[in-house]
Amino acid sequence: MEALSNRKKVLEQKPMNFWERMYLPAIFKGMAITFRHMFKPKETVFYPEVQREFSENWRGMHSLKRDEEGRERCTACGLCALSCPAEAITMVAAERKKGEEALYREEKYAATYEINMLRCIFCGLCEEACPKEAIYLDGPIVPADYLRKDFIYGKDKLVEKPLTELTK
Amino acid sequence: MSDKVKVTIDGIAVEVAPGTTILNAARQIGGDIVPPAMCYYSKLEGSGGKCRTCLVKVSKGSEKDPRPMPKLVASCRTTVMDGMEVENITSPEVVEARKGVVEMLLINHPLDCPVCDQAGECSLQDLGFEHGAAQTRYEFDRRTFERIDIGDKIQLHMNRCILCYRCTYVADQLTDGRCHGVIGRGDHAEISTYIEKAVDNDYSGNMIDVCPVGALTDKTFRFKNRVWFTKPVDAHRDCPTCSGKVTLWYKGEEVIRVTARKDQYNEVEEFICNTCRFDKKSTSDWVIEGPTAIRHDSVISSNHYETLKPLPVIQKNEKLIEANLEQFQKTQKD
């Protein structure tokens, strides 16, 4: 059949000459490339000990933020769960009691907040939907684990450490 | 002489009975040309004329007196005349004025939709979304009130109130003896029971339904869930005091809220009693009719399944369980 684009290269099948039949020049050429790489900087890192810097728009594990006074920003409005295309987020709201003003910023807060990291696709829509700037995907890679249930992250893993613990 | 008068709204002619307001004439036509209303409530006598969101331009007064009305008029309070011509969304003046009214309504309205239980079915939210500006020019602090307790069934958030007076009309017209009202003037006007008396009456719960914002919300539903995660289902029961026709709001198997049925203008079809609203919260109390029709552009209709009980996400696969037996047993233990 006639070629349409004419970009096909036609290879000529010729018998090899003497040098090609010795293979030695080809071997030395290959070895030269191999040894040259020994003196070049390494492209790989020893991962768990050494970690690469993430790019600026990296989206990793979620963290629930606190405000400047150390109170939780999340008010359990449910917009993250609504925007989540993978339905990974669930929460239960509760009313702030008297005396808890230092813990939660608004009168409603998330009593439980769970993200299923196996469902999450790290699209960042929850971050975008949040009206309180409470959730950011600024963490590291979600670590591996053995059981499915251990991938459901609760508030213990998601909420930022309080300011007092950070300054210690 | 015919007993109907002809009125043209945004170029659409309609014949209505004399004495009809422009707003109701527009509702007979329906569609986009219906002015929004925050305070007018067709089931409550005397309501309307307070929020000014329903302003329209009357470009021709009537057949006999074709002069236009000098100012924009509140369509919920102005009755039609024969040959009247009204401009609503076709008039840039009206659109501009409505934007201003929304800005005025939002001056003192707190920006706490993430906390508010009304969010998702709030008339002011819809109004602000459609007509309002994204920013406020108001530089001062919003008005705030001390929170008062008006009983264990109804939660009052005075900060959110837009003073539409609907709840006072409910108390006047549905219940015997109103014990709450609007106290104070101007910026200090507030809904209150004066001596912190609990609003407790057979029909007082309807204040929750008529409230266009989140000022009066159901205390039994308070922070239980967001409106758009619940599923509305029409149901009825034999109620000795009211019609018993309600909407049940399901979360899973549980009825977490009961409200009256609402029409397309967010007005209740029939008022329901407090027994139906607060005390009958199990499926066995009700005869289920079917899912409530929700406008597809409403946030309530998002994330909903066609079936009442969604299918399990993970199907029980015997082969897979057999293969992952060790792991499966580990999860069963905890």
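Where a number appears in this text, it was derived from the coordinates with a stated rule and is not lab data. Small disclaimer: the values here were computed from a predicted structure and weren't measured. We place every Cβ from the backbone using ideal geometry, glycine too, and count neighbours over all the protein chains shown.
Quick notes on this structure:
- By the beta carbon rule, with partners counted only under 4.7 Å, chain A holds these lone Cys residues: A:74, A:77, A:84, A:120, A:123, A:130.
- The spread of Cα positions in chain B, taken along each principal axis and listed from longest to shortest, comes to 87, 50, 49 Å.
- A straight line joining the Cα centroids of the range B:96-121 and the range A:113-129 runs 29 Å.
- Converting phi to 3J(HN,Hα) with the Karplus coefficients 6.51, -1.76 and 1.60 and the offset θ = phi - 60°, the range B:109-122 yields 7, x, 8, 10, 3, x, 8, 5, 6, 7, 3, x, 10, 9 Hz in sequence order, with x at every glycine or proline.
- The trypsin sites (Lys or Arg not before Pro) of the range B:36-82 meeting both criteria, a DSSP state outside H, G, I, E and B (loop) and at most 12 other C-beta atoms within 10 angstrom of the site's C-beta, are B:64, B:71.
- Projecting the Cα atoms of A:27, B:113, A:58 onto the charge dipole of the protein assembly as shown, computed from C-beta unit charges around the Cα centre, puts A:27 farthest toward the positive end.
- What you get for the protein assembly as shown, charging only the Cβ of Lys and Arg (+1) and of Asp and Glu (-1), is a dipole of about 1460 debye around the Cα centre.
- Translational D in µm²/s for the protein assembly as shown (Stokes-Einstein at 10 °C, 1.306 mPa s, Kirkwood Rh from C-alpha pairs): 57
- Loop-located trypsin sites (Lys or Arg not before Pro) in the range A:1-96 whose Cβ has at most 10 other Cβ within 10 Å (DSSP): A:7, A:8, A:9, A:42, A:52
- Shown for B:81, B:38: other C-beta atoms within 10 Å of each C-beta, ranked fewest to most, produce the order B:81, B:38.
- Taking GluC sites (Glu not before Pro) across the range A:46-104, the ones in a DSSP loop with at most 14 further Cβ atoms lying within 10 angstrom of their Cβ are A:49, A:53, A:56, A:68, A:69, A:87, A:100, A:101.
- Along chain B, counting only GluC sites (Glu not before Pro) with a DSSP assignment other than H, G, I, E or B and at most 10 other Cβ atoms inside a 10 Å radius, the longest segment between sites is B:46-138.
- Debye-sum result for the range B:117-237 in log10 I(q)/I(0), which assumes one identical scatterer on each alpha carbon, at q = 0.09, 0.14, 0.17 Å⁻¹: -0.28, -0.68, -0.97
- Footprinting exposure proxy ranking of B:56, B:210, fewest other C-beta atoms within 10 angstrom first, gives B:210, B:56.
- Projecting the Cα atoms of A:137, A:90, A:111 onto the dipole axis of chain A, where Lys and Arg carry +1 and Asp and Glu carry -1 at the beta carbon, places A:137 farthest toward the positive end.
- Between the listed residues A:13, B:21, B:39, the Cα displaced farthest toward the positive end of the dipole of the protein assembly as shown, a dipole computed from Cβ unit charges relative to the Cα centre, is found at A:13.
- For chain B, a crude dipole built from +1 on the beta carbon of Lys and Arg and -1 on the beta carbon of Asp and Glu, taken about the Cα centre, is about 300 debye to the nearest 20.
- The Kirkwood radius of the range B:5-100, taken over pairs of alpha-carbon atoms, gives through the Stokes-Einstein law at 25 °C and 0.890 mPa s a diffusion coefficient of 188 µm² s⁻¹.
- Its Cα centre serving as origin, the range B:78-228 has a Cβ charge dipole (Lys and Arg +1, Asp and Glu -1) of approximately 500 debye.
- Within the listed set B:112, B:297, B:126, the Gaussian network model of chain B (springs between alpha-carbon atoms below 10 Å) gives the highest mean-square fluctuation for B:297.
- Inter-part distance, the range A:3-30 to the range B:231-253, computed on C-alpha centroids, equals 82 Å.
- D (Stokes-Einstein, µm²/s), Kirkwood Cα radius, chain A, 0.890 mPa s at 25 °C: 116
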